[in-house]
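Data first, discussion second: the structure below is written as structure tokens.
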Amino acid sequence: AKAEGRHTARFFDDQFKEEVRLRWRLSRDLEGAAERGELYLAFQPIADADTLEVIGQEALLRWAHPELGDIRPDRFIPLAEASGRIDSIGLWMADQALAAASRWPDHMTLALNLSAIQFRQPTLAHELLALARRHRVAPTRLEFEVTESATLLDKRRQPVLTVLRTLQHHGAAIVMDDFGTGYSSLGNLREFRFDKLKVDRSFVATMLDHAPSGSIVRSIAALGASLGIPIVAEGVEEVAQLARLREWDIPQVQGFLIGRPSREAIHCADPAATLSA
Ligand code: C2E
Ligand code: CA
Ligand code: CA
Ligand code: CA
């Protein structure tokens, strides 16, 4: 048993080293990836839950690594954060997304994900607003998605609040992403004055057969209604989920049922096709 234990320890040790090597390589390869054309954006539609009219698009970062293939953002964004590359990648992707949004119908919003690290840059809000101006996209069409950990875990909240307030002051909306999974307290909700809450995919995925998840989604719906801010449910994959979300008066939906992320933004969902899916 002892020898076996040593084998197992060795196995995990090798795996660990392999993982460290891979991370180091990805982190190195990420340098200049945008310039080499390996990064691109996918857009996923956000729709009105009742009419299924597309009201906005969320920009999602993609990396086509020349040797390793597609790398998921969940994997490379933490590396970009750790190496400080997220600042330049974040602005690069805002630039690309705004260029695309400038060609969309005027009513369509653009949602961008912001990472916690980016808030350490006091000029962030002004840089984003300058890019919007350059592409002639009104800031009122912009939504910035931040996760609870990004905003609430930072001990120095003032810089985060300043960035968020500046964006809001110019008419952009601040969305709390992955709501329900972080460290939310209702006090934080008030302090940060979010304009919209996005219910995490994990609750939507389980809400039909796991009663507590359903209760959480319903409570968030009630919270949104009483605060007067819209709720969007993400990860909607099934017609039955959409039906339940409508019953609970969730006003906006996003997920594979309405549209998958794609290079070309989908401007109108086909409700009939969606509902017969
Ligand atoms: P997120 O902001 O919560 O984005 C939603 C994720 O759910 C996306 O994964 C999307 O492709 C996926 N998704 C959407 N609808 C469905 C569905 O119906 N079913 C399932 N199973 N999945 C669905 P993705 O694109 O892999 O992005 C993962 C995360 O990476 C994002 O989570 C976001 O936190 C981060 N991310 C992506 N792009 C950026 C970016 O440009 N900047 C920053 N800071 N983070 C980004
Ligand atoms: Ca998001
Ligand atoms: Ca999310
Ligand atoms: Ca997420």
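Couple of notes before you dig in:
- Sequence-separation-based contact order of the chain, relative, with Cα cut under 8 Å and 6+ spacing, percent: 20
- If you plug the beta carbon distance of Trp24 and His267 into 1/(1 + (r/R0)^6) with R0 = 35 Å, you get a FRET efficiency near 0.25.
- Inter-label distance for Thr162 and Asp70, nm, one decimal - labels placed 7 Å from Cα along Cα-to-Cβ: 4.0
- Only beta bridges with both residues in the chain are counted; by DSSP, about 45 percent of them are antiparallel.
- Farthest positive-ward along the range 1-107 dipole, Cα basis, beta-carbon charges - from Ser102, Leu41, Leu26: Leu26
- Packing order of peptides 93-102, 12-21, 197-206, highest average first: 197-206, 93-102, 12-21 (average count of other Cβ atoms within 10 Å over each peptide's residues).
- Rg followed by Dmax, in Å, when the chain is reduced to its Cα trace: 20.2, 68
- Cβ-derived FRET efficiency at R0 25 Å, Val239 paired with His107, nearest 0.05: 0.45
- Listed peptides 131-137, 163-169, 68-74 by packing density, highest first (mean Cβ within 10 Å): 163-169, 131-137, 68-74
Since every read-out is calculated from the coordinates, none of them should be taken as a lab result. In this text, all values refer to a predicted model and were calculated from it rather than measured experimentally. Counting neighbours? That spans all protein chains shown, and the Cβs are built from the backbone with ideal geometry, glycine included.
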